[in-house]
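Notes to accompany the following structure.
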Amino acid sequence: NVPEDQADKLLLASWGLPKAVLEKYHRLGVVQMFEWQAECLMLGQVLEGKNLVYSAPTSAGKTLVAELLILKRVLETRKKALLILPFVSVAKEKKCYLQ
């Protein structure tokens, strides 16, 4: 569980993302995360590039965690990222979405 004093971490706006990125998520109806998603982002040194392995059911929100980690790292380090997706249709969808 997310500690009560860090409840603001459930809001996407708390993660230092650019306004344009937040607006895109808001247009899609994503304003805050589930507790387990915020917990993933707060684990150890995940935000500094350490590995994270997590598992959740289909449509639980795993992709949002990956997207936030990738976006933060790319914006903070100015390095490229590689996102591997399982199907061509998902890859095309994410390409349009991330542009």
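Okay, here's what the table says:
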{"item": "Angle between the chain longest axis and helix 62-77 axis [Cα atoms, degrees, rounded to 10]", "result": "90"}
{"item": "From phi via Karplus (6.51, -1.76, 1.60), per-residue ³J(HN,Hα) for the stretch 12-26 in Hz, x at Gly/Pro", "result": "4, 5, 7, 9, x, 7, x, 4, 4, 5, 4, 4, 4, 4, 4"}
{"item": "Between helix 88-98 and the chain: long-axis angle, C-alpha atoms, 0 to 90°, nearest 10", "result": "60"}
{"item": "Average accessible area per residue (Å²) across the chain - probe 1.4 Å, nucleic acids and ligands excluded", "result": "73"}
{"item": "Relative contact order (%) - the stretch 4-98, alpha-carbon pairs under 8 angstrom, separation at least six", "result": "21"}
{"item": "Quarter of the Cα convex hull surface for the stretch 1-62, i.e. its orientation-mean projected area (nm²)", "result": "4.8"}
{"item": "Surface share of carbon and sulfur [accessible, 1.4 angstrom probe, percent] for the chain", "result": "56"}
{"item": "When each of Lys24/Lys95; Lys9/Lys79; Lys9/Lys94; Lys24/Lys79; Lys19/Lys50 is checked by Cα-Cα distance, pairs over 18 Å", "result": "Lys9/Lys79; Lys9/Lys94; Lys24/Lys79; Lys19/Lys50"}
{"item": "Unit charges on C-beta of K, R, D, E only; dipole of the chain, Debye", "result": "700"}
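The values are calculated or read from the model by the stated rules, or taken from the named source; none is laboratory data. Here the structure is a predicted model, which means the values were calculated and not measured. Backbone-built Cβ (ideal geometry, glycine too); neighbour counts: all protein chains shown. Only protein heavy atoms, including side chains, enter the accessible area calculation; ligands, DNA and RNA are left aside. Shrake-Rupley method; radii C 1.70, N 1.55, O 1.52, S 1.80 Å.
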